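The values are calculated or read from the model by the stated rules, or taken from the named source; none is laboratory data. No experiment lies behind these values; they were computed from the predicted model shown. Cβ placement follows ideal geometry from the backbone for every residue including glycine, while neighbour counts extend to all protein chains displayed.
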Amino acid sequence: MEYIKDRHFYFLVVILGAVFVVNFIKISSIMQYFPLHSFTDGTGYIGRLTLLIKYGYHGFAPNWYNGFIVLKHYAPGWFFFTLPIYWLTKNVLISTFISMLVSYIFSLIFFILLGKTFKLSIIKSISFFLLFYLSPTAFVNFFILGRPPELLAITIFILGFVLIYKVKTWNTRNLILFFLFFSLLSLQQQGVTILFTFLVAGLLLTLTWQKRFYIVLGMLGAMLLSSFWWIPFLDYKGTGVELITGIGLDNFISIGSLITLIFLVSFYFYWNGRHRNKRDLLFFSPILVIAVLYLTRIVAFMPFFNKIWPNSYNLFFSFLTIFFILRTNFQPNIRKIITMGLYIIPLLFLLIPVIYPVQSFEYNDVDKETLSIFKDVNDRMLIVYTNDTSISTRSLVAYATLHHNVTTPDGWGEFSVSKDLFKKVESAKYIENKSCADIQKSFDELEIKQIVGLSNACTILSDCGYIYKIKKENVCLFQSTIDYKKVYNING
């Protein structure tokens, strides 16, 4: 048995490297254009970063949700990381892009460090980087949805994996490194942090009781250090956080199921190729348990675990799967199959940008017209839409917050908003097939003063007697006052 030869990775690196660069250049347009049609999760982070800059950490922001505490219910790691970049650039969009660029650069460095630590060549380390970040889950997460906090969390996770899996002697120096690392990770995206703790649990199974005590003490110290954010976060009763369900039974058969199965198979070959090493089995056993629970969707019934998005599980298992494959001594027949795959996989990866095309963020005429309406918004507003609307209302809220400091009972996402308010706003925004009385009742309950109508919503609101302040072809701005003469055809 032997490892896969380096020469078989060159084709993969050339093809996937080109795919990565081309798509990263596309999203670099965020430095000039606020995303409207994709990168929709990213617009929420941009909006929160805007409010952090304006009101400060845990400051009161009146702009969204009738007022809320900034970042009370979201991990602050990426925001703290990006804030100093903003102080240098004075531009939120440029700062967001730079934060992603720096995360990718450090990820590549950490993958090379991982390769050096586990005796992988440079070409295999770069292949690891590209295979992971161009895997379907990572590609959608970071190029399509735009999730820089999770990108930063994964970057830090890579370093932590090297630390806890490779270190065998837990002296004072390594214990201090672990404490500093876990303190940093505990500020990041919750899903990645929770899953990483299961690797730590596996580590504890391989140590003496004395070393376990020191590791647990370090974790508790790190959690105490980061308690300024997670203790307030746990106070989410009655908020939209209760509505979040990451894992359900509706996605029992999914890409995540396939990834988890491949993970389990790859671990078997890795473990078997290492002569069924007892330490490896102990180290990865908690992760194997989580994999089975995720595969069977039992996690859907487990608190906290059912709030971790499937993408986080998929990223986690994808990383470990690639690691196992690169580090496995395969039998000749299996090695031949995997070697052929190294030439076929890059061609299959070319389909990912076709299935999930990354589009530059430049504006079309409808986009420009829609964005132009917000300069005339000067009171508490709500954006309403119908089935023919093509632009995300959440992204528009984030844009209007960044550039026009709007105030709205709406916001981006469920975090920090009361459940009742969230449901009312979501209902009020969608006005297709609603009676004028129901529309007006929703606006009155939310104390709306101005309404931005998208596309066919303009006609519906006009027919209900709302008074135009600005009327354009694809967007309009109404005052919340109804012209009852128009509604009831009263003359004079």
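Comparison of Thr239, Thr260 shows that the only residue that is buried (at least 17 other Cβ atoms within 10 Å of the Cβ), out of contact with any helix residue (DSSP H, G or I) (no Cβ under 6 Å at 6 or more places or on another chain) and not acidic (Asp, Glu) is Thr239. A single member of Gly221, Gly246 is of a type outside the set (A, V, I, L, M, F, W, C) and either part of a helix (DSSP H, G or I) or at pLDDT 85 or above (or both), and it is Gly221. Given the condition in the same structural domain as Tyr236 (by TED's automatic domain parsing), free of Cβ contacts under 8 Å to residues at least 24 places away in the same chain and over 25 Å from the mean Cα position of the chain (by Cα), answer yes or no: does some residue in segment 341-353 qualify? Yes - at least one qualifying residue is present in segment 341-353. Restricting attention to segment 36-56, the residues being at pLDDT 95 or above and part of a loop (DSSP other than H, G, I, E, B) number 1.
Just one of the numbered conditions (1) crowded, with 22+ Cβ neighbours inside 10 Å; (2) touching a strand residue (DSSP E or B) at 6+ places or on another chain (Cβ under 8 Å) is not true of Lys54: (1). Of Tyr356, Tyr363, all but one fail to be closer than 20 Å to Ile30 by Cβ, at pLDDT below 85 and not aliphatic (A, V, I, L, M); the exception is Tyr356. All told, Ser29 meets the bar of being assigned to a helix (DSSP H, G or I) and touching an Asp or Glu at 6+ places or on another chain (Cβ under 9 Å).
Restricting segment 354-389 to residues that are surrounded by fewer than 15 Cβ atoms within 10 Å (Cβ to Cβ) and part of a helix (DSSP H, G or I), the residue that is farthest from the chain's Cα centre (by Cα) is Asp376. Remark: pairs (first residue in segment 226-244, not assigned by TED's automatic domain parsing to the domain that holds Glu414; second residue in a strand (DSSP E or B) and among the polar types (S, T, N, Q); Cβ separation under 7 Å; 6+ apart in sequence or on different chains) = Gly238/Ser418; Thr239/Ser418. Ser318 meets the stated requirement of being modelled with pLDDT of 95 or more and buried (at least 19 other Cβ atoms within 10 Å of the Cβ). Taken as a whole, segment 190-208 holds at least one residue that is within 20 Å of Phe305 (Cα to Cα), within 21 Å of the chain's Cα centre (by Cα) and modelled with pLDDT under 90. Every condition in (1) more than 18 Å from Phe316 (Cβ to Cβ); (2) of a type in the set (A, V, I, L, M, F, W, C); (3) part of a helix (DSSP H, G or I) holds for Leu187 except the one numbered (3). The numbered conditions (1) crowded, with 17+ Cβ neighbours inside 10 Å; (2) free of Cβ contacts under 8 Å to residues at least 60 places away in the same chain; (3) not basic (Lys, Arg) are all true for Gln188 except (2). In segment 156-164, the count of residues that are touching a residue at least 12 places away in the same chain (Cβ under 8 Å) and either assigned to a loop (DSSP other than H, G, I, E, B) or of a type in the set (S, T, N, Q) (or both) is zero.
For beta carbons closer than 6 Å, sequence separation of 6+ or different chains, a first residue in segment 126-151 that is in a loop (DSSP other than H, G, I, E, B) and a second that is polar (S, T, N, Q) and surrounded by 22 or more Cβ atoms within 10 Å (Cβ to Cβ), the qualifying pairs are Ser135/Ser318; Arg147/Asn141.
Tell me, yes or no, whether segment 391-400 has at least one residue that is basic (Lys, Arg), surrounded by fewer than 18 Cβ atoms within 10 Å (Cβ to Cβ) and assigned to a helix (DSSP H, G or I). No, because not a single residue in segment 391-400 is basic (Lys, Arg), surrounded by fewer than 18 Cβ atoms within 10 Å (Cβ to Cβ) and assigned to a helix (DSSP H, G or I).
Restricting segment 83-117 to residues that are free of Cβ contacts under 8 Å to residues at least 40 places away in the same chain and β-branched (Val, Ile, Thr), the residue that is nearest to Ile30 (Cα to Cα) is Ile98. On the stretch given as segment 370-382, residues that are within 19 Å of Leu461 (Cα to Cα) and either among the charged types (D, E, K, R) or free of Cβ contacts under 8 Å to residues at least 40 places away in the same chain (or both) total 3.
Pairs linking a residue in segment 427-456 that is more than 26 Å from Lys472 (Cβ to Cβ) to a residue that is of a type in the set (D, E, K, R) and part of a helix (DSSP H, G or I), with Cβ atoms under 8 Å and 6 or more positions apart or on different chains, are Glu445/Lys424. Among the residues of segment 28-48 satisfying the criterion of being of a type in the set (A, V, I, L, M, F, W, C) and touching a Phe, Trp or Tyr at 6+ places or on another chain (Cβ under 6 Å), which is nearest to His403 (Cα to Cα)? Looking at residues that are of a type in the set (A, V, I, L, M, F, W, C) and touching a Phe, Trp or Tyr at 6+ places or on another chain (Cβ under 6 Å), I get Phe34.
Only one of the numbered conditions (1) of a type outside the set (A, V, I, L, M, F, W, C); (2) under 24 Å from Asn277 (Cβ atoms); (3) at pLDDT 95 or above is not met by Thr117, and that is (3).
When the residues of segment 165-184 are narrowed to those that are among the hydroxyl-bearing types (Ser, Thr, Tyr), part of a helix (DSSP H, G or I) and farther than 26 Å from Arg147 by Cα, which ends up nearest to the chain's Cα centre (by Cα)? So, considering only residues that are among the hydroxyl-bearing types (Ser, Thr, Tyr), part of a helix (DSSP H, G or I) and farther than 26 Å from Arg147 by Cα, the one nearest to the chain's Cα centre (by Cα) is Tyr165. Residues in segment 63-76: is at least one surrounded by fewer than 16 Cβ atoms within 10 Å (Cβ to Cβ), at pLDDT 95 or above and either in a helix (DSSP H, G or I) or not assigned by TED's automatic domain parsing to the domain that holds Ile391 (or both)? Within segment 63-76, not a single residue is surrounded by fewer than 16 Cβ atoms within 10 Å (Cβ to Cβ), at pLDDT 95 or above and either in a helix (DSSP H, G or I) or not assigned by TED's automatic domain parsing to the domain that holds Ile391 (or both).
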